[in-house]
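**Q** Mind having a look at this structure? Questions to follow.
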Amino acid sequence: MTRARRNEAAKAPALQRPPAEVLHAEELARLRDEDSGPRPPGWQLSLQAVRAFILGDAAKGLRRKLVCPPSLVERCMVTLATNRGLLLVGEPGTAKSLLSELLAAAVSGVSTLTIQGGAATTEDHIRYSWNYALLVNEGPSPRALVPGPMYLGMKQGQLVRFEEITRCPLEVQDALLSLLSERVLAVPELEGPEGMLFAREGFNIIATANTRDRGVNEMSAALKRRFNFETLFPILDADAELQLVKEESARLLARSGVPVTPPDEVLEVLVRTFRELRTGEVKDGQAVEKLSTVLSTAEAVSVAHAVGVRGWYLRGDGGTPADVVECLAGTAAKDNAEDLKKIRRYLEQRVGHRTGAHWRALYEARFLLPG
Ligand SMILES: Nc1ncnc2c1ncn2[C@@H]1O[C@H](COP(=O)(O)OP(=O)(O)O)[C@@H](O)[C@H]1O
Ligand SMILES: [Mg+2]
């Protein structure tokens, strides 16, 4: 082995998914340098700069990272600059997590103060826990305290993300009440000033909740009052969705070592199929049976990614409509036999008569669906 080869072999593989502040470090640094707008206390950027970072600004060389109405981003920022939390709600795959990550990275410079909500989330995950070896030896002391994301966010004046908040038990959700209203976290085990942590400017919470999970209605009324709600919707405009799927899948494919991207016609077939099965409407006016599974833009991106990986690593091309059919069963129908039947009927009844080689190929690949 040559030395260059050895070095390459010894190099650790790249991060699978760097956080937004690392991925966009150069853009954020430039924005901080050039930003002269007024900043709310504790914010690293002005509202104008955060907006340009998220929605893009070609003149400043900033890439658009989110497709959504600009007014939505503005309302989110205004909420975060007040003393209310922000709750992003919507179907899975509507970029709730993405928006919350981008906001945290732009406003606070970190997006990793994150709590992942679930049935097993406890108050300790949110606030603080103890290093038991030290606790036993020294008793409770600041050194023995292991801060959780909420503790750090309050102490450092940074945004804290709470993903899938409605999946947490109600008593855990209620642990947020005093943090949000009093902006103080009590550590009863510690005496003196250390027993009270007062939040610094810049601290706030961005929570997300899926409308398909246990609903937002199960959140306690008291907690709801402390949040402003914003709803995210699937991308309305077909061309904007196609463009996004094209860009995002190209980025993911490059990371997967694939030097080609699916042909435009294949992506068009994919995105239109997704949209028609999602909305139940087709261009020629006849109805399609909607799937019960969510066919989000996020799923379309991951199918486009898989199509490219299949094409390149199995055959050395960029992917074909038959690959779309192969990938549809696993993503779209999952374990739902009814959905699988609906996809088959869609291919037979709606796609069969369409002109164009790619629609033809999609129709002919319908036998690849399992079952
Ligand atoms: N409106 C959108 N703008 C940009 N990307 C989107 C949009 N909708 C979906 N996506 C894609 O979906 C991916 C995942 O979305 P995510 O934030 O995990 O959704 P959610 O948290 O709502 O389930 C994003 O990384 C992006 O590739
Ligand atoms: Mg999410």
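**Q** Please work out, to two decimal places, the log10 of the ratio I(q)/I(0) at q = 0.06, 0.07, 0.08, 0.09 Å⁻¹ from a Debye calculation in which every Cα of the chain carries one identical scatterer.
**A** Cα-only, vacuum Debye calculation for the chain: -0.30, -0.40, -0.52, -0.64.
**Q** Still on this model: I want to check the label-to-label distance for Asp237 and Ala119. Put each point 7 Å from Cα in the C-beta direction and report it in nm to one decimal.
**A** About 4.3 nm separates the two model spin labels.
**Q** Could you grab the relative contact order for the range 238-368? Cα pairs under 8 Å, six or more apart, rounded to a whole percent.
**A** Values: 166 pairs, mean separation 32.4, N = 131.
Rounded, it is 25 percent for the range 238-368.
**Q** How large is the accessible surface of Lys290 in square angstrom, using a 1.4 angstrom probe and rounding to the nearest 10?
**A** For Lys290, the solvent-accessible surface is approximately 120 Å².
**Q** Taking a probe of 1.4 Å, how large is the accessible area per residue of the chain, in Å²?
**A** Values: 18320 Å² over 371 residues.
Value returned for the chain: 49 Å² of accessible area per residue.
**Q** Moving on to the next point. Return the Rg/Rh value of the range 238-368, two decimal places, where both radii are evaluated on C-alpha atoms and Rh is the Kirkwood radius. Please report the intermediate quantities before stating the final value.
**A** Working: Rg = 13.7 Å, Rh = 14.6 Å.
Across the range 238-368, the Cα-based Rg/Rh ratio is 0.94.
**Q** Here's a follow-up. Whole-Hz Karplus ³J(HN,Hα) for the range 242-255, in order, using 6.51 cos²θ - 1.76 cosθ + 1.60 and θ = phi - 60°, x for Gly and Pro?
**A** 4, 4, 5, 4, 4, 5, 5, 5, 4, 5, 5, 5, 4, 5
**Q** I've got another one for you. Taking 25 °C and 0.890 mPa s as the conditions, I'd like the Stokes-Einstein D for the range 13-232 in µm²/s, using the Kirkwood hydrodynamic radius from alpha carbon pairs.
**A** Numbers: Rh = 18.2 Å.
It diffuses with D of about 135 µm²/s by this estimate.
**Q** State the percent of C-alpha pairs, over all pairs in the range 13-80, separated by a distance greater than 15 angstrom.
**A** Details: 1264 of 2278 pairs.
Cα-Cα pairs in the range 13-80 separated by more than 15 Å: 55 percent.
**Q** I've got another one for you. With springs connecting C-alpha atoms under 10 Å apart, model the chain as a Gaussian network and identify which of Asn228, Asn131, Asn210 has the largest mean-square fluctuation.
**A** Answer for the Gaussian network model of the chain: Asn131.
**Q** Please report how many Lys pairs in the chain have alpha carbons closer than 19 angstrom, counting only residues at least 8 apart along the chain or sitting on separate chains.
**A** Working: Lys65/Lys96; Lys65/Lys246; Lys96/Lys224; Lys283/Lys342; Lys290/Lys334; Lys290/Lys341; Lys290/Lys342; Lys334/Lys342.
The number of close lysine pairs in the chain is 8.
**Q** With a Cα-only, solvent-free Debye model of the range 44-87, what are the log10 I(q)/I(0) values at q = 0.29 Å⁻¹?
**A** -1.08
**Q** Please report how far the C-alpha centroid of the range 216-288 lies from that of the range 17-90, rounded to the nearest whole angstrom.
**A** If we compute the Cα centre of each part, the gap is 22 Å.
**Q** For the chain, what does the relative contact order come out to in percent, with C-alpha contacts under 8 Å and a separation of six or more? Mind showing how you got there, number by number?
**A** Numbers: 588 pairs, mean separation 53.0, N = 371.
14 percent.
**Q** Which stretch or stretches of the range 320-353 have amide N atoms under 13 Å from the point lying 7 Å from Glu289's Cα along the Cα→Cβ direction?
**A** 336-350
**Q** Would you mind telling me the antiparallel percentage of the DSSP bridges in the range 13-232, rounded to 5? Could you put the intermediate results ahead of the total?
**A** Working: 7 of 25 bridges.
Rounded to the nearest five, the antiparallel share is 30 percent.
**Q** Hey, another quick one. Shape of the range 323-371 from its Cα gyration tensor (a ≥ b ≥ c, root eigenvalues): rounded if a/c is under 1.5, otherwise prolate when a/b > b/c, or oblate? Intermediate values should be presented prior to the final figure.
**A** Numbers: a/c = 2.57, a/b = 1.70, b/c = 1.51.
Prolate, since a/c reaches 1.5 and a/b exceeds b/c.
**Q** What are the residues whose amide H is under 5 Å from the amide H of Tyr128, where those residues sit 5 or more places off or on another chain and H is modelled from the backbone?
**A** For Tyr128, the qualifying residues are Gly148.
**Q** Would you kindly derive the ³J(HN,Hα) couplings of the range 334-349 from the backbone phi angles with the Karplus curve 6.51 cos²θ - 1.76 cosθ + 1.60 (θ = phi - 60°), listing them in order in whole Hz, with x for Gly and Pro?
**A** My calculation for the range 334-349 gives 6, 9, 9, 5, 4, 4, 4, 5, 5, 5, 5, 5, 4, 5, 6, 8 Hz in order.
**Q** Under 1.5 on a/c is rounded, so check that first for the range 201-271, then, if it is not, pick prolate when a/b is larger than b/c and oblate when it is not; a ≥ b ≥ c are the square roots of the alpha carbon gyration tensor eigenvalues. If you can, show how the numbers build up before the last one.
**A** Numbers: a/c = 3.23, a/b = 2.27, b/c = 1.42.
Note, shape of the range 201-271 comes out prolate.
**Q** Moving to a separate point now. For the range 105-193, what does the relative contact order come out to in percent, with C-alpha contacts under 8 Å and a separation of six or more? List each step's numbers first, then the result.
**A** Numbers: 108 pairs, mean separation 33.3, N = 89.
Relative contact order comes out at 37 percent.
**Q** Another question about this same structure. Indicate, rounded to the nearest 5 percent, the antiparallel portion of the DSSP beta bridges found entirely in the chain. Walk me through the numbers on the way to the answer.
**A** Values: 8 of 26 bridges.
Within the chain, antiparallel bridges account for around 30 percent of the total.
**Q** With a 1.4 Å probe and all protein chains in place, put Met196, Met77 in order of accessible area, largest first. Spell out each step's value before the answer.
**A** Details: Met196 95, Met77 5 Å².
Solvent-accessible surface, decreasing: Met196, Met77.
**Q** Give the ranking of Arg51, Arg278 by solvent-accessible surface, highest area first, calculated with a 1.4 Å probe. Don't skip to the answer; put the middle values down first.
**A** Values: Arg51 90, Arg278 45 Å².
The most accessible residue leads, giving Arg51, Arg278.
**Q** Counting only protein heavy atoms, what percent of the accessible surface of the range 213-371 is carbon or sulfur at a 1.4 Å probe? Don't skip to the answer; put the middle values down first.
**A** On the way: 4220 of 7770 Å².
Using a 1.4 Å probe with all protein chains present, the range 213-371 comes out at 54 percent carbon and sulfur.
**Q** Also, I was wondering about something else. Beta carbons within 10 angstrom, averaged per residue: use that to sort the peptides 330-339, 31-40, 79-88, highest first. Kindly include the intermediate steps, with their values, before the conclusion.
**A** On the way: 330-339: 15.0, 31-40: 13.3, 79-88: 19.9.
Ranking, from highest mean packing down: 79-88, 330-339, 31-40.
The values are calculated or read from the model by the stated rules, or taken from the named source; none is laboratory data. Values in this document were obtained by computation on a predicted structure and should not be read as measured data. Glycine also receives a Cβ, built like all others from the backbone with ideal geometry; neighbour counts cover every protein chain displayed. Accessible surface areas use protein heavy atoms only, side chains included; no ligands, DNA or RNA. Shrake-Rupley method; radii C 1.70, N 1.55, O 1.52, S 1.80 Å.
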